[in-house]
1. From the list 59, 91, 150, pick out the single residue that is farther than 30 Å from residue 20 by Cβ, modelled with pLDDT under 90 and surrounded by fewer than 15 Cβ atoms within 10 Å (Cβ to Cβ).
2. Would it be correct to say that residue 48 is assigned to a loop (DSSP other than H, G, I, E, B), over 28 Å from residue 109 (Cα atoms) and within 39 Å of the chain's Cα centre (by Cα)?
3. Would you confirm, using the coordinates I've provided, whether residue 47 is modelled with pLDDT under 80, under 29 Å from residue 60 (Cα atoms) and surrounded by fewer than 10 Cβ atoms within 10 Å (Cβ to Cβ)?
4. Report those strands (runs of 3 or more DSSP E) wholly inside the range 58-151 carrying at least 2 residues which are without any contact (Cβ under 8 Å) to a residue 24 or more places away in the chain and farther than 30 Å from residue 48 by Cβ.
């Protein structure tokens, strides 16, 4: 039977600590594992900066600055998939717009335009009011008997 007072550590899993600063009369052992000279041998240094590479130009300075630009007139859409519309249709909601989607937590910002994508399957007829829709999403909604009103 194993109990706490009979457990011993695996052989080689523990080691004796390195005893530093125990020099002798001839001066051996006086560097205490820090080596001779240099920044790492001085007191008060601790760890080096994570980006420091021993005086070599650091990686973040060797890499080029970011190129390109951000479009100033880029439009960010709220995206709704057919699978989301199918979930709403299961709740007996057949007319869907941005307000309904925001109420049920499918989109975050109500101010952004709405786009319907064809991820998932839709079997129930749904009428959706949106700004854009992919071709495949339009086809699947019409095939299910619903319609898309583009704003």
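1. Working: 59 fails: modelled with pLDDT under 90; 150 fails: modelled with pLDDT under 90.
When all the criteria are applied, what remains is 91.
2. Working: assigned to a loop (DSSP other than H, G, I, E, B): yes; over 28 Å from residue 109 (Cα atoms): yes; within 39 Å of the chain's Cα centre (by Cα): yes.
It is true that residue 48 is assigned to a loop (DSSP other than H, G, I, E, B), over 28 Å from residue 109 (Cα atoms) and within 39 Å of the chain's Cα centre (by Cα).
3. Numbers: modelled with pLDDT under 80: yes; under 29 Å from residue 60 (Cα atoms): yes; surrounded by fewer than 10 Cβ atoms within 10 Å (Cβ to Cβ): yes.
Yes, satisfied.
4. Numbers: elements: 78-81, 114-117, 127-130, 147-150.
Result: 147-150.
The values are calculated or read from the model by the stated rules, or taken from the named source; none is laboratory data. The model shown is predicted, which means the values in this text are computed figures rather than measured ones. Note that each Cβ is placed from the backbone with ideal geometry, even for glycine, and that neighbours are counted across all protein chains shown.
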